[in-house]
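The values are calculated or read from the model by the stated rules, or taken from the named source; none is laboratory data. All of these numbers come straight from a predicted model, not from anything done at the bench. A quick note on method: Cβ atoms are made from the backbone with ideal geometry, for glycine too, and the neighbour counts reach across all protein chains shown.
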Amino acid sequence: MRGLIALCLVAQGTPVLAETVFAKITLRPRDVIAGGMVYLDTVNTPGAMQHLDEVIGAEVRRAVYAGHPIMAENLTRAAEIERNQIVPATFSLNGLTIATEARALERGAVGDVIRAMNLTSRNTIRAEVLEGGTLKVLP
């Protein structure tokens, strides 16, 4: 029994260390993180990212200075379409597909629904951002 109590005390007094992702360089808003911009260190930082694969390819929302941990709230998905970019847009309904070009009125990542302007009709449309920077017009 005495050995069990000692074991519990040692286990409770030992801090648990986890890997934390840190910025190698200052990361500015809208930067897309590449492998050479970050590194792992064995430090317990609550709320910080712990895996490189979760960080690489993400877009920085707020600046992260060199040597500081990268917090989850500082990241977002990388934008596929920028505001004012002209992109292909398709509308499909009952086997009929119409293709046109549209001007993005908002930035958007894959899966986001954004507003865009159909360049032919000048109407505002709602469309889902697809991979490759194209839009799928919603009915």
Exercise. Can you name every residue in region 94-112 that is under 11 Å from Leu135 (Cα atoms) and in a strand (DSSP E or B)?
Worked result: Ala99, Thr100, Glu101, Ala102, Arg103, Ala104, Gly108
Problem set entry | Count of region 92-108 residues which are surrounded by 15 or more Cβ atoms within 10 Å (Cβ to Cβ) and of a type in the set (Gly, Ala, Ser) | 3
Exercise. Does region 113-131 contain at least one residue that is outside any loop (DSSP other than H, G, I, E, B), closer than 29 Å to Val21 by Cα and among the polar types (S, T, N, Q)?
Worked result: no
Seminar exercise, completed: Note on Val55: of the conditions (1) within 26 Å of Gly108 (Cα to Cα); (2) more than 15 Å from the chain's Cα centre (by Cα); (3) at pLDDT 95 or above, unmet is (2)
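Matching residues to (1) of a type in the set (A, V, I, L, M, F, W, C); (2) within 13 Å of Glu19 (Cα to Cα); (3) assigned to a loop (DSSP other than H, G, I, E, B):
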residue	(1), (2), (3)
Asp41	no, yes, no
Pro46	no, yes, yes
Gly67	no, no, yes
Asn84	no, no, yes
Val87	yes, no, no
Ser92	no, no, no
Problem set entry | Check on Arg28, under 20 Å from Thr134 (Cα atoms) and not acidic (Asp, Glu) | no
Exercise. From Thr76, Thr45, Thr124, which residue is under 18 Å from Pro139 (Cβ atoms) and either free of Cβ contacts under 8 Å to residues at least 60 places away in the same chain or crowded, with 18+ Cβ neighbours inside 10 Å (or both)?
Worked result: Thr124
